[in-house]
Amino acid sequence: MEKIDIKSLNITELEEKLSELNLPKFRAKQIYLWLRKGVESFDEMSNLPKNLRETLCNIFEIRGVKIKKRLESKVDDTVKYLYELYDGECIESVVMKYHHGYTVCISSQVGCRMGCSFCASGIDGLFRNLTASEMLAQVEMAGKDNSVRISNVVMMGMGEPLDNFENTVRFLKLVSDEQGLNIGLRHISVSTSGVVPKIYSLMETGFPVTLSISLHAPTNEIRDKIMKVNHAYPVEMLLKACRDYTENTRRRISFEYALISGVNDTDECADILAKKLRGMLCHLNLIPANPVKENSFSRPNDNKVHRFCELMKSKGINTTVRRTLGGDIDASCGQLRRKSREEGL
């Protein structure tokens, strides 16, 4: 019989499972608090009887992550992890230090099926979804290994969070639980390449998270070439969903825009983009594209990036250029995992 992923259960679900074992309700709270502390085995639950720990071990499993590779940047405080999961699959996560505290960028899937041509995460396709516990474990390990409190989470690592919607919602509830890590939902960003139906589903949850849209192009002609998801949900449909989201939640949307030399970095692109975003409660985050050896894309020079940014600002769009972190340690998603697979590690 397959063991139950206990760390993905909320307190009510855990109480129900233990009730089936004829265990008192208070045991559920004891176990839940241990899980939220990030224990890796039932043996660590020192206030539980030994026979109960053995019973739990036979029925449940605690899914965590093991550090397979750790890279620390020499130019900033960024740390990148290659984690191994219970089934031998690997994912990536990045810890970044900002003036407001520590942020961890986590993965939501092993691989990705979105197939964005500038991203290394989806080159080999989707292997499987991550459970809520496996997402939570990335946050816990980031704090534990660096001896810091993680105050912000961005779901921008490997995978498409809204393509793993149920587990993403479950993770958001667990990570914000006051009895656990207690990271406020306003300090969490959920990124999507533009899965329109799930944007509406996220809106309906009422979670005050920041929605980040991987836009990367102002027209269908350009976006079709670099993002397969655009064939299903074209720019006009995506931006309508974004406007509906901001009007219903009153939360500002962050648009991610990877500047690719000769593809989407022209003055014309800036003009079209500004017209389509004008009047929306949003922020534009420009990202000079990271080179990926599997494609021929390159980043524009600094002058080009600066010009695009200034053009957007002049047209009334709140715009910044993302600070590059961990450039010396392959901190872009998918690169470390793919390199590890090629080397047979």
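Of everything in the range 95-130 that's closer than 14 Å to Val154 by Cα and aromatic (Phe, Trp, Tyr), which residue is surrounded by the fewest Cβ atoms within 10 Å (Cβ to Cβ)?
Looking at the filtered set, the residue picked out is Tyr98.
Quick check: anything in the range 171-194 under 13 Å from the mean Cα position of the chain (by Cα), of a type in the set (Phe, Trp, Tyr) and more than 19 Å from Val104 (Cα to Cα)?
No, every residue in the range 171-194 fails to be under 13 Å from the mean Cα position of the chain (by Cα), of a type in the set (Phe, Trp, Tyr) and more than 19 Å from Val104 (Cα to Cα).
Looking at the range 50-69, is at least one residue free of Cβ contacts under 8 Å to residues at least 40 places away in the same chain and of a type in the set (A, V, I, L, M, F, W, C)?
Taking every residue of the range 50-69 in turn, at least one turns out to be free of Cβ contacts under 8 Å to residues at least 40 places away in the same chain and of a type in the set (A, V, I, L, M, F, W, C).
What residue, of Ser254, Ser314, is within 22 Å of Met155 (Cα to Cα), modelled with pLDDT of 95 or more and out of contact with any helix residue (DSSP H, G or I) (no Cβ under 8 Å at 6 or more places or on another chain)?
Answer to the selection: Ser254.
Which residue, of Leu281, Leu277, Leu286, Leu273, is crowded, with 18+ Cβ neighbours inside 10 Å, closer than 22 Å to Val154 by Cα and modelled with pLDDT of 95 or more?
Result of the check over Leu281, Leu277, Leu286, Leu273: Leu286.
The values are calculated or read from the model by the stated rules, or taken from the named source; none is laboratory data. All of these numbers come straight from a predicted model, not from anything done at the bench. Cβ sites come from the backbone with ideal geometry, for glycine too, and all protein chains shown count toward neighbours.
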